[in-house]
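The values are calculated or read from the model by the stated rules, or taken from the named source; none is laboratory data. As the structure is a prediction and not an experimental result, all values here were calculated from the model. Heads up, the Cβs are rebuilt from the backbone with ideal geometry, glycines too, and the neighbour counts pull from every protein chain shown.
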Amino acid sequence: MPKFVTMLFNVFLFVPALHGCSHVLTSTQTDNYANSFRAQPALKKTKYEKIKPFDEETLYQLLVADIALIRGQYPTALSKYISQAKYTRDEAVTEIAFGIAQYAQDGKSSYEMAALWLDINPQKNDAYRAMLQAYSILENALKALPYAAWLYKKEDDDSVFLAITTIAEGRKKSQIKPLIKAYREIDLPAEKKITSELAVAMLLREDGELVEAKKVIVNYITKRPDDVRGRQVLAQILHQQKQTEDAILVIQEALQSFPESQKLRLQYARLLTTVDRSKGLRQFELLQESTLHSEEVNFLLALLYIEDNKHEKAEKLLNQLTLSYRYSLDSHYYLGYIHDKTNNYERAIFNYKKVLEGSNFLAATSRVFELLIQTSSLVNAKNHLNILRSALPERSKELFELESNILIKIKQPANALKVLAEGIESHPDDTDLLYARAMLAEQQGDFSLAESDLLKIISRDADNVSALNALGYTMLLNTDRLDEAFNFIKRAYILKPDSPAIIDSMGWALFKRGEMIEALDFLKRAMEKMPDPEIAAHLGEIYWTLGDEVKAIKTWNQGLKRVPNAVQIISTMKRLGISLQKRNDN
């Protein structure tokens, strides 16, 4: 059984269930440090006491670079500045080159210029900070840590030292344990070394080692009772351990010592929302009254108002936040949601179109496409996506996937195949697009195209489990090449023996080859792991073929209980001549 195309991209389709609200309301302590690495346009020149004379060629190249900057031609400007930074070894030129690279999120160039800057001026704090920012772009927390420790010693500010825990957050599982070890071994004076325990507790919490994290943070609180962050992290750990009421007590006690702490009050409101929504909402309203200019509080309160269908209150807050650097995109997204829900489609489209990047980009774009089809025409909807693909070439592939999936959703598979063909023409080496077209082509009866696309994937990646399994399974369904199909599935099984879908494919291949006992064993295992309707259809058919009608009907009913009227099961029963009445009688 392969993963079909509709499963590949449904995460991006618009779901009118306020995805993300609960996550935002229970965000973690590391949010407080992540801002340390947000790239800002560091493109202004710095004044230096000693002005070095440049030769005419250098002046000309820098002039060209500055004109390119003014016109937004960052690759040209970056190339010129990097060249002149290396040639002149001038600190000001190198700093500007780094700033452009950082703004462009070019990790390699950022690192190259930061390293040059540090070589030019080994005692410059900003050069060390540049190394940190370069490693942040490269998502390498381990190599960033020594530079953070150097700054901590020099500046006595632990925020950057702790911010290392946020580098590549959510994608750095392989880095966590080595990073914990590095924090514990870092060379710092005793009074600063204690801060390592706070970082270690935060990392252990992220890694799910909650018992050890709690032990470390309690020890930290004992050593630094006046640091409110210790109690904040302890509350987060308790909340993750499903001990939310204990977490609330920790914050309440901390508020007695730090009654003016806005961060504590915000965390208290967030936690309270999870156990008593009305009290949590009231806490957010009190926070909003006392911190009128807190964008974070206003945004979170707006989300709560949306979930309570208090759209006017939410809209008022979100309209203000559209001018915010941090919350503008999310505010437009949720304004779009409000207008969408109240059938004001023109305003919904207007706001969704403003979301041109960020975590809600694909959901907003998906909804714009659907609304344009609904209120205008498919032609206008497709034109909108074509414009986006031209304006955002780095998102082009995702937009081809999005368009094809919506076309499938509105029952236009032929058009979806055309879109995927356009996508493959633009991205000929993209495995996801080839796989998506293969699955859709097979569903539409074009096994030849499906086989061709899957073989292309396998020719480039011989161990692509999804393609191997899909090719073998669809070959079983569409040809009599049983041995060839079995060999593809077996290769997938060797690579991923615990996959229920692949175990199902193995069972079905063995069934087709007449190896009933072995097939039964595989399909029973698949059903135990994932009682999917397609697996139930296969297992039931084997029982039926072996003459065990009771187990066959029981298995099919089990699948239908999970997915009533499952096509795979109903069609199998009809093909075998089993009436629905017989099913109900059993």
Which ones in region 354-377 are without any contact (Cβ under 8 Å) to a residue 24 or more places away in the chain and either assigned to a helix (DSSP H, G or I) or touching a strand residue (DSSP E or B) at 6+ places or on another chain (Cβ under 8 Å) (or both)? VAL368, LEU372
Candidates ALA114, ALA92, ALA85, ALA97 - the one that is assigned to a helix (DSSP H, G or I), touching a residue at least 40 places away in the same chain (Cβ under 8 Å) and outside the structural domain of LEU203 (by TED's automatic domain parsing): ALA92
Starting from region 244-273, keep only residues that are on the phi > 0 side of the Ramachandran plot, then list their pairs with residues that are surrounded by 14 or more Cβ atoms within 10 Å (Cβ to Cβ) and of a type in the set (Val, Ile, Thr) whose Cβ atoms are within a distance under 7 Å, requiring at least 6 positions of separation or different chains. none
Scanning for something more than 25 Å from ILE410 (Cβ to Cβ) and either polar (S, T, N, Q) or not in a helix (DSSP H, G or I) (or both), does region 331-353 turn up at least one residue? yes
Picking from GLU307, GLU289, the residue that is free of Cβ contacts under 8 Å to residues at least 40 places away in the same chain and more than 21 Å from the chain's Cα centre (by Cα) would be GLU289
Restricting attention to region 72-82, does a residue exist that is surrounded by fewer than 24 Cβ atoms within 10 Å (Cβ to Cβ), assigned by TED's automatic domain parsing to the domain that holds ARG129 and touching an Asp or Glu at 6+ places or on another chain (Cβ under 8 Å)? yes
Within the group ALA144, ALA114, ALA148, ALA77, which residue is more than 30 Å from SER196 (Cα to Cα) and touching a Leu at 6+ places or on another chain (Cβ under 9 Å)? ALA77
Among the residues of region 244-286 satisfying the criterion of being among the charged types (D, E, K, R) and under 28 Å from the mean Cα position of the chain (by Cα), which is surrounded by the most Cβ atoms within 10 Å (Cβ to Cβ)? ARG270
Which ones in region 381-411 are without any contact (Cβ under 8 Å) to a residue 24 or more places away in the chain and in a loop (DSSP other than H, G, I, E, B)? LYS411
